[in-house]
Amino acid sequence: MQGTDREDKLMTELTRERVQEAFAALGSGDRTKMLEYWHEDVRFEIPGNHAHAGWHEGLDAFLGFLGTVGKLSGGSYRAQNVTITINPEDGYSVDVNTNWALRGDAPADSTSPYHLLDVTAMHLLRWEDGRIVEGRGVILGDGLSTSALWWSPLNPDGTRSINA
């Protein structure tokens, strides 16, 4: 039995490689390339209890959040993919990653959670017509506590960070 055009498109376009390409497009700086994978009106929820947590509405807002991560980490932020699971029939993917960042104003050897973000995270992505329309970040284990400290405007000694 033949599926609908939407189902056929999701089944042909939602692959592990497409998920990887979507994240690579974000890092490319090429908006045209990003829009091949990310809908202009994408909604993305960042987990946590900090000023940058919550829903980022639209690609520009999401890119603004990513820019803040880059600024606060002094460009050190890294994400390494562990695995990707896809459900093309329903239009969902889940990717598991390790995320690492050292605050830009931190000593290079710091292991303080106020300076070092080292967590395992997941993204639940909803796809329509070959593009991501909604995403939700999830941080595993005690990562929410670690994340809250990293996003805190404080240093380990309680003084305010210059890079908050």
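The values are calculated or read from the model by the stated rules, or taken from the named source; none is laboratory data. Model, not experiment: these values are computed from the prediction. A quick note on method: Cβ atoms are made from the backbone with ideal geometry, for glycine too, and the neighbour counts reach across all protein chains shown.
For the reader, a short list of remarks on this structure follows.
- Of residues in the stretch 121-141 being among the aliphatic types (A, V, I, L, M) and assigned to a strand (DSSP E or B), the one farthest from I84 (Cα to Cα): V133
- Qualifying residue in the stretch 92-99 (condition: outside any strand (DSSP E or B) and either within 15 Å of the chain's Cα centre (by Cα) or modelled with pLDDT under 95 (or both)): no
- T32 being at pLDDT 95 or above and among the polar types (S, T, N, Q): yes
- Close pairs (7 angstrom Cβ cut-off, 6 or more residues apart or separate chains): touching a residue at least 12 places away in the same chain (Cβ under 8 Å) in the stretch 19-43, small (G, A, S) and outside any helix (DSSP H, G or I) anywhere: V19/S93; E40/G58; D41/G58; V42/G58; V42/G135
- Taken as a whole, the stretch 118-141 holds at least one residue that is among the aromatic types (F, W, Y) and crowded, with 18+ Cβ neighbours inside 10 Å.
- Test: residue in the stretch 100-117 that is surrounded by fewer than 16 Cβ atoms within 10 Å (Cβ to Cβ), modelled with pLDDT under 95 and either farther than 24 Å from S145 by Cβ or touching a helix residue (DSSP H, G or I) at 6+ places or on another chain (Cβ under 6 Å) (or both): no
- Figure legend. Inter-residue proximity from the stretch 137-157: first residues within 16 Å of V69 (Cα to Cα), second residues at pLDDT below 90, beta-carbon distance below 6 Å, spacing 6+ or different chains. Indicated pairs: A148/N49; A148/H50; W151/H50; P153/R160; P153/S161; P153/A164.
- Applying the set (1) crowded, with 16+ Cβ neighbours inside 10 Å; (2) out of contact with any Ser or Thr (no Cβ under 6 Å at 6 or more places or on another chain); (3) not in a loop (DSSP other than H, G, I, E, B) to S145 leaves exactly one unmet item: (1).
- Qualifying residues in the stretch 55-70 (those that are of a type outside the set (F, W, Y) and part of a strand (DSSP E or B)) - the one farthest from N99 (Cα to Cα): E57
- Scan of the stretch 76-98 for residues that are within 20 Å of E134 (Cα to Cα), in contact with a Phe, Trp or Tyr (Cβ under 8 Å, 6 or more places away or on another chain) and without any contact (Cβ under 8 Å) to a residue 60 or more places away in the chain, ordered by number: A79, Y92
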